[in-house]
Structures are given as C-alpha cells and as structure tokens.
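Structure first, commentary second.
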Amino acid sequence: MLKTGIKGYAEVTVCQENTAKTRKSGTLQVFATPAMIELIEEAAWKSVADELDEGCASVGTSLNIKHLSATPIGMKVICRTELIEADGRRLLFSAVVEDEAGKVGEGTHERFIIQSEKFQKKADGKLEN
C-alpha cells in the first residue's frame with residue numbers, strides 16, 4: 001500500500017499547441033484548462049508509477065479543479081501534486097499549478113490502481129460489441 005506524502009512534479013511552457021483556442025476550450029491564446037488538467041494528471045501518475053506492483057498502473061477517475069488565472073504563450077507552468085489519501089486502490093492527490101507570476105490552479109485529483117493488462121483487455125472488449 002502506498003503511503004501519503006508522495007510528491008509529484010510536471011512542467012510545460014505555454015505554446016500555440018496548448019492554448020484554449022487550439023484545444024477548443026475557448027477563443028483566447030492562453031493556457032487551456034484541458035492542458036492544465038493533463039499537467040496535473042502527469043504529475044500525479046508519474047509520482048507513484050515506480051511504487052506500484054509490476055503490471056499495475058493508475059488511471060484518473062475524478063478531478064475537482066479551479067483554473068484561477070490565465071497564462072500567456074511563452075510562460076512556464078508547473079504543477080506540484082501530493083498524495084494526500086491512499087485507501088486500497090484509491091489514491092487522492094492535492095494539486096497546485098503555478099506560472100512564473102503565481103498560482104493559476106488548484107484542486108484535487110483521484111486515481112485508481114489497476115492491473116494494466118486486465119484493464120486494457122476490458123476496454124478493448126468494447127470494440128467487439
């Protein structure tokens with residue numbers, strides 16, 4: 001079982017590809033909320049990946065996120081996560097997202113530990129229906 005306190009980190013520089021306009025979450029040339037969510041998920045899953053049993057991974061199941069401030073093209077955005085609850089297969093992370101001027105997002109992210117092969121087989125089974 002994983003212990004709380006595991007910290008994660010991910011960063012990205014805002015560019016055309018991760019703007020709200022390009023990601024279709026708005027019309028402006030600022031860091032897109034979907035891109036911020038990807039950054040949160042990346043920081044969280046990578047933080048625990050090496051702690052999981054062989055053949056296991058974690059999948060995102062829930063997000064409760066606030067996007068507090070816009071970040072323009074060219075600025076770096078970082079995300080820090082911390083595992084705050086570990087209950088069996090359920091993992092809950094706190095997340096703080098900042099750009100070079102301060103906090104731009106915060107919230108929580110839930111993930112579940114799964115057996116990769118079994119999970120993929122079940123997902124692929126949907127193609128047979």
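The values are calculated or read from the model by the stated rules, or taken from the named source; none is laboratory data. In this text the structure is predicted, and so the values were computed from the model without any measurement. Please note: Cβ atoms are built from the backbone with ideal geometry, for glycine as well, and neighbour counts cover all protein chains shown. Please note that ligands, DNA and RNA were not included when accessible areas were found on the heavy atoms of the full protein model with its side chains. Shrake-Rupley method; radii C 1.70, N 1.55, O 1.52, S 1.80 Å.
Any number yet on Rg/Rh for the stretch 60-104, C-alpha, Kirkwood? Let's see the in-between values first.
On the way: Rg = 13.0 Å, Rh = 12.1 Å.
So for the stretch 60-104, dividing Rg by the Kirkwood Rh gives 1.07.
Near the amide H of Val77, under 5 Å away, which other amide H atoms are found, from residues 5 or more places off or on another chain, if H is placed in the peptide plane?
Placed amide hydrogens put Val12, Thr13, Val14 under 5 Å from Val77.
I'd like the Kirkwood hydrodynamic radius of the stretch 1-71, using the inverse of the mean 1/r over distinct C-alpha pairs, in Å. It would help to have the intermediate numbers written out before the result.
Numbers: mean 1/r = 0.0726 Å⁻¹.
Taking the inverse mean of 1/r over all distinct Cα pairs, the stretch 1-71 comes out at 13.8 Å.
Among Cys79, Cys56, what's the order by accessible area (1.4 angstrom probe), most exposed first?
Cys56, Cys79
Sort the stretch 21-60 into rounded, prolate or oblate with this rule: let a ≥ b ≥ c be the square roots of the eigenvalues of the Cα gyration tensor; rounded if a/c is under 1.5, and if a/c is not under 1.5, prolate when a/b is larger than b/c, oblate otherwise.
Prolate shape, in that a/c is at least 1.5 and a/b is the bigger ratio.
Restrict the search to the stretch 61-129; then list the trypsin sites (Lys or Arg not before Pro) that DSSP places in a loop and that have at most 15 other Cβ atoms within 10 Å of their Cβ. Provide the component values of the computation, followed by the final result.
On the way: sites: Lys66, Lys76, Arg80, Arg89, Arg90, Lys103, Arg111, Lys118, Lys121, Lys122, Lys126; in loops: Arg89.
Sparse-neighbourhood loop trypsin sites (Lys or Arg not before Pro): Arg89.
Among Gly125, Ile113, Gly88, which residue has its Cα positioned farthest towards the positive end of the charge dipole of the stretch 82-129, with +1 placed on the Cβ of Lys and Arg, -1 on the Cβ of Asp and Glu, and the dipole taken about the Cα centre?
The residue sitting most towards the positive pole is Gly125.
Through the Karplus equation 6.51 cos²θ - 1.76 cosθ + 1.60, θ set to phi - 60°, convert the phi angles of the stretch 77-84 into ³J(HN,Hα) values in whole Hz; use x for Gly and Pro.
Those phi angles translate into 10, 10, 10, 10, 10, 9, 6, 9 Hz.
Residue by residue through the stretch 33-41, which ³J(HN,Hα) values in whole Hz follow from phi under the Karplus form 6.51 cos²θ - 1.76 cosθ + 1.60 (θ = phi - 60°), with glycine and proline marked x?
Couplings: 4, x, 5, 5, 5, 4, 5, 5, 4 Hz.
Give the cross-link partners of Lys126 among the lysines, using a straight C-alpha distance below 17 Å as the criterion and excluding same-chain residues fewer than 8 apart.
Once the sequence-local lysines are set aside, what remains near Lys126 is Lys118.
I'd like the Karplus ³J(HN,Hα) series for the stretch 98-115: coefficients 6.51, -1.76, 1.60, θ = phi - 60°, whole numbers in Hz, and an x wherever there's a Gly or Pro.
My calculation for the stretch 98-115 gives 9, 10, 5, 9, x, 5, 10, x, 6, x, 10, 9, 9, 10, 10, 7, 10, 8 Hz in order.
Just subtract the alpha-carbon distance of Glu51 and Phe119 from 0.36 nm times their residue separation and send over the number in nm, one decimal. Before the final figure, lay out the partial values.
Values: separation 68, 0.36 × 68 = 24.48 nm, distance 1.87 nm.
Gain in length upon complete extension: 22.6 nm.
Per DSSP H run of n ≥ 4, the term is -39500 (n - 2.57); total these for the chain, divide by its residue number, and report the mean residue ellipticity at 222 nm rounded to 500 deg cm²/dmol.
The per-residue figure over the chain is -7000 deg cm²/dmol.
What does the charge add up to near Leu52, with Lys and Arg as +1, Asp and Glu as -1, over the other residues with Cβ less than 12 Å from its Cβ? Each step should come with its number before you reach the end.
Details: positive: Lys46, Arg89, Arg111; negative: Asp50, Glu51, Asp53, Glu54.
Local net charge: -1.
How large is Rg over Rh for the stretch 16-119, taking Rg from the Cα atoms and Rh as the Kirkwood inverse mean of 1/r across Cα pairs?
1.03
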